[in-house]
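Report on the following structure.
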Amino acid sequence: MGYAPLALTHPARWAVRERSYSKRRACRLVGLHPKTCRYTSKRTGDEELRSKLRELASQRRRFGYRRLGLLLTRQGIKLNHKKLYRLYREERLSVRKCGGGKRALGTREPMAIPQDRNLRLSLDFVMDTLMSGRRFRILTVVDDFTRECLGLVADTSLTAPRVVRELSHIIESRGCPRMIVSDNGTEFASNAILAWQEARGIEWHYIAPGKPMQNGFVESFDGSLRDECLNETLFVNLSEVHEIIEAWRIDYNTNRPHTSLYGPHQPSSQHAPPRAITGTDPPYKRGQVWEQVTILAHNLEVGSSNLLPATSSSNHQ
């Protein structure tokens, strides 16, 4: 198996420098043409591009080179994917992958996707701990069509009446969905939930026990939440949890690339909110969320109903 010319250049130059061989003799020994040994690359170092790539990778620690490339494209930097991958590897920005889980056997069928916003919502719980070791839970609410996160509710105890109260708050500004999907947890299968959904005329669908991928949209969101926010942050108290996850939620709905919706070529603003975080605003940074909290406070004053307008269904075909 032959060696690349670059791999042979270093031994030839070493022989010339350390052993005082002539270039012709050194190249003949390693099997390299003298012109190849004398060649000097004219490629620029791309220091500005490398610096920008490192800056984005430090802000989005769990983003791979494809999503970082989308963020560069939004800033007007067009880059060949092969060059992007080369710089990404040379800067050692590769994201460590988690170990693969068990693979399901048999045939797989795609999950039915609703054809408009606010037709089907998905609910789930995510658990994490504070620095003191105290556990808390997060209620996640996701629209299956737009993939928007409609709410992240964190507390040490989330009972069925609390879930009803939070869902009612979301419905006040967004309207009633036709269906809500959840697992068979005690909070979701309680009499309070059953009475509430009957009064609202909402169909509540429970997935089969032990089949979390029947609720795959919110499960995928839970993985992003844990990977990009919870695993990257140490929480001191619940008030800090509320501020950080709400800032991350706004960033997720406005700035974060969503390849499942738009593919590799994405618009600069996915949901185009009238006054939320835009492409020119500072992105979410671990441990630096006060800018996001300020914008969040402004959005809450304006009204949550104007935060996430409907997305055209033509973009999601």
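Residue pairs, Cβ under 6 Å, 6 or more apart or interchain, first in the range 149-175 and closer than 23 Å to CYS229 by Cβ, second among the aromatic types (Phe, Trp, Tyr) and modelled with pLDDT of 95 or more. List them.
Within 6 Å, the pairs are ALA154/PHE136; THR156/PHE136.
Name the residues in the range 158-174 that are open to solvent by 30 Å² or more (accessible area, probe 1.4 Å) and not in a helix (DSSP H, G or I), would you?
Within the range 158-174, THR159 is the sole residue that qualifies.
Can you give me the number of residues within the range 140-157 that are part of a loop (DSSP other than H, G, I, E, B), touching a strand residue (DSSP E or B) at 6+ places or on another chain (Cβ under 6 Å) and open to solvent by 10 Å² or more (accessible area, probe 1.4 Å)? Don't jump to the end; show me each part of the working.
If we filter the range 140-157 for residues that are part of a loop (DSSP other than H, G, I, E, B), which is where we start, we get 144-148, 156-157.
The next check asks that each one be touching a strand residue (DSSP E or B) at 6+ places or on another chain (Cβ under 6 Å); those that pass are 144, 156.
Add one more test, that the residue is open to solvent by 10 Å² or more (accessible area, probe 1.4 Å), and what stays is 156.
Number of matching residues: 1.
Among the residues of the range 53-79 satisfying the criterion of being more than 19 Å from ASP251 (Cβ to Cβ) and not in a loop (DSSP other than H, G, I, E, B), which is most open to solvent (accessible area, probe 1.4 Å)?
Pass one, the range 53-79, residues more than 19 Å from ASP251 (Cβ to Cβ): 53-54, 65, 76-79.
The next check asks that each one be not in a loop (DSSP other than H, G, I, E, B); those that pass are 53-54, 65.
Values: LEU53: 2, ARG54: 95, TYR65: 46 Å².
Among them, the one singled out is ARG54.
If we scan the range 248-267, do we find a residue that is among the hydrophobic types (A, V, I, L, M, F, W, C), at pLDDT 75 or above and surrounded by 15 or more Cβ atoms within 10 Å (Cβ to Cβ)? First the steps, then the outcome.
Filtering the range 248-267 for residues among the hydrophobic types (A, V, I, L, M, F, W, C) gives 248, 250, 261.
With at pLDDT 75 or above added as a condition, the list becomes 248, 250.
From the residues that got through so far, the ones that are surrounded by 15 or more Cβ atoms within 10 Å (Cβ to Cβ) too are 248, 250.
The answer is yes; a qualifying residue exists.
Taking interchain pairs and intrachain pairs at least six residues apart, which have beta carbon atoms under 8 angstrom, with the first residue in the range 220-247 and over 26 Å from SER182 (Cα atoms) and touching a residue at least 12 places away in the same chain (Cβ under 8 Å) and the second among the aliphatic types (A, V, I, L, M) and part of a helix (DSSP H, G or I)?
Pairs that qualify, where the first residue is over 26 Å from SER182 (Cα atoms) and touching a residue at least 12 places away in the same chain (Cβ under 8 Å) and the partner is among the aliphatic types (A, V, I, L, M) and part of a helix (DSSP H, G or I), are THR233/ILE244; PHE235/VAL241; PHE235/ILE244.
Is it fair to say GLU198 is open to solvent by 70 Å² or more (accessible area, probe 1.4 Å), under 19 Å from ARG162 (Cα atoms), in contact with a helix residue (DSSP H, G or I) (Cβ under 9 Å, 6 or more places away or on another chain) and outside any loop (DSSP other than H, G, I, E, B)? Step through it out loud before you land on a result.
Values: open to solvent by 70 Å² or more (accessible area, probe 1.4 Å): yes; under 19 Å from ARG162 (Cα atoms): yes; in contact with a helix residue (DSSP H, G or I) (Cβ under 9 Å, 6 or more places away or on another chain): no; outside any loop (DSSP other than H, G, I, E, B): yes.
In short, no.
If I ask for residues that are crowded, with 19+ Cβ neighbours inside 10 Å and touching a Lys or Arg at 6+ places or on another chain (Cβ under 9 Å), which ones from the range 213-246 would you list?
Matches in the range 213-246: PHE217, PHE221, LEU225, GLU228, CYS229, ILE244.
For the range 62-73, how many residues are out of contact with any Leu (no Cβ under 7 Å at 6 or more places or on another chain) and either more than 25 Å from ARG226 (Cβ to Cβ) or at pLDDT 90 or above (or both)? Outline the logic, then answer.
So the first thing to find is which residues in the range 62-73 are out of contact with any Leu (no Cβ under 7 Å at 6 or more places or on another chain), and the list is 62-64, 66-67, 70, 73.
Within this subset, residues satisfying the condition of being either more than 25 Å from ARG226 (Cβ to Cβ) or at pLDDT 90 or above (or both) are 73.
Total satisfying the criteria: 1.
Of the residues LYS82, LYS42, which single one is basic (Lys, Arg) and either under 24 Å from GLU232 (Cβ atoms) or assigned to a helix (DSSP H, G or I) (or both)? Full working, then the answer.
Numbers: LYS42 fails: either under 24 Å from GLU232 (Cβ atoms) or assigned to a helix (DSSP H, G or I) (or both).
Result: LYS82 is the single residue among LYS82, LYS42 that is basic (Lys, Arg) and either under 24 Å from GLU232 (Cβ atoms) or assigned to a helix (DSSP H, G or I) (or both).
The values are calculated or read from the model by the stated rules, or taken from the named source; none is laboratory data. Note that this is a predicted model, so its numbers are computed, not measured. In this analysis, Cβ positions are derived from the backbone assuming ideal geometry, glycine residues included, and neighbour counts consider all displayed protein chains. Note: accessible area is taken over every heavy atom of the protein model, side chains too, but ligands, DNA and RNA are not part of it. Shrake-Rupley method; radii C 1.70, N 1.55, O 1.52, S 1.80 Å.
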